[in-house]
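The values are calculated or read from the model by the stated rules, or taken from the named source; none is laboratory data. For clarity, every value in this text was computed on a predicted model and none was experimentally measured. Using ideal geometry, Cβ is built from the backbone for each residue, glycine included, and neighbour counts are taken over all protein chains shown.
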Amino acid sequence: MRMSELYEIGAKTELGTYRFTEESILHFATRFDPQPFHVDREAAERSLFGGLCASGWHTCAAWMKTFLAYWAAESARLAAEGKVPPTLGPSAGFRNLQWLRPVFVDDTVAYSVTLVASRPLASRPGWIMNSTLAEGVNQAGDPVMRFQGSVLEFE
């Protein structure tokens, strides 16, 4: 079964949500993006953001976490129906990453993915290149992040 047989080109799939607690923001930022507005509440309040906010990289990592949880459940569902789920991975990269709005403490971001295109690779029989649009919106419905991705699929 191919991705393009499971998902209509252009149809958005809701992956799940992630809540950005102060603890998770600090935990991620101290390890990977220790800028003052990510690791110091007082400095963040004096910054252009006006409050402690998540690293953009954290918002992307949370997208991946929700995608992997969704895909595990989806694969199990397909297997229970007697279908063989597509074999995905790795990613061939991403482009046009946009962090559109800051994500603050206690924001909940809903993540989605849209299959934009799917094509066999002429250079590698049995391999398929899937192009996607990944998005995240906060609890107010405001977009907070977006990127275009590519993921390989194997028949």
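Quick one: A43 ticks every box in (1) farther than 20 Å from K12 by Cβ; (2) touching a strand residue (DSSP E or B) at 6+ places or on another chain (Cβ under 9 Å); (3) surrounded by 13 or more Cβ atoms within 10 Å (Cβ to Cβ); (4) free of Cβ contacts under 8 Å to residues at least 40 places away in the same chain bar one, so which box is it? Against the list (1) farther than 20 Å from K12 by Cβ; (2) touching a strand residue (DSSP E or B) at 6+ places or on another chain (Cβ under 9 Å); (3) surrounded by 13 or more Cβ atoms within 10 Å (Cβ to Cβ); (4) free of Cβ contacts under 8 Å to residues at least 40 places away in the same chain, A43 comes up short only on (2).
The residue pairs whose first member lies in the range 109-138 and is of a type in the set (K, R), whose second member is surrounded by fewer than 18 Cβ atoms within 10 Å (Cβ to Cβ) and modelled with pLDDT of 95 or more, and whose beta carbons are closer than 9 Å, counting only pairs six or more residues apart or on different chains, are R119/M129; R119/S131; R124/L152.
The residue that is farthest from S150 (Cα to Cα), counting only those in the range 89-108 that are hydrophobic (A, V, I, L, M, F, W, C) and either assigned to a loop (DSSP other than H, G, I, E, B) or in contact (Cβ under 8 Å) with a residue 60 or more places away in the chain (or both), is V105. Kindly list the number of the only condition in (1) at pLDDT 95 or above; (2) surrounded by 15 or more Cβ atoms within 10 Å (Cβ to Cβ); (3) closer than 20 Å to E155 by Cα that fails for P86. Every listed condition holds for P86 apart from (1).
Whenever a residue of the range 53-72 is touching a residue at least 12 places away in the same chain (Cβ under 8 Å) and on the phi > 0 side of the Ramachandran plot, it has no partner that is part of a strand (DSSP E or B) and crowded, with 18+ Cβ neighbours inside 10 Å lying with C-beta atoms less than 6 angstrom away and at least six residues away or across chains.
For G10, the stated conditions do not hold, so it cannot be described as without any contact (Cβ under 8 Å) to a residue 40 or more places away in the chain and on the phi > 0 side of the Ramachandran plot.
When the residues of the range 122-146 are filtered to those that are at pLDDT 95 or above and assigned to a loop (DSSP other than H, G, I, E, B), which remaining residue is surrounded by the fewest Cβ atoms within 10 Å (Cβ to Cβ)? Once the filter is applied, the top-ranked residue is G141.
Taking the range 34-85 as the region of interest, the helices (runs of 4 or more DSSP H) fully inside it that hold 2 or more residues being among the basic types (K, R) and closer than 24 Å to V105 by Cα are 41-46. From the list S24, S4, the lone residue that is part of a helix (DSSP H, G or I), of a type in the set (S, T, N, Q), surrounded by 13 or more Cβ atoms within 10 Å (Cβ to Cβ) and at pLDDT 95 or above is S24. Checking each residue in the range 7-21 for being closer than 16 Å to T114 by Cβ, at pLDDT 95 or above, crowded, with 16+ Cβ neighbours inside 10 Å and of a type outside the set (A, V, I, L, M, F, W, C) picks out T13, G16.
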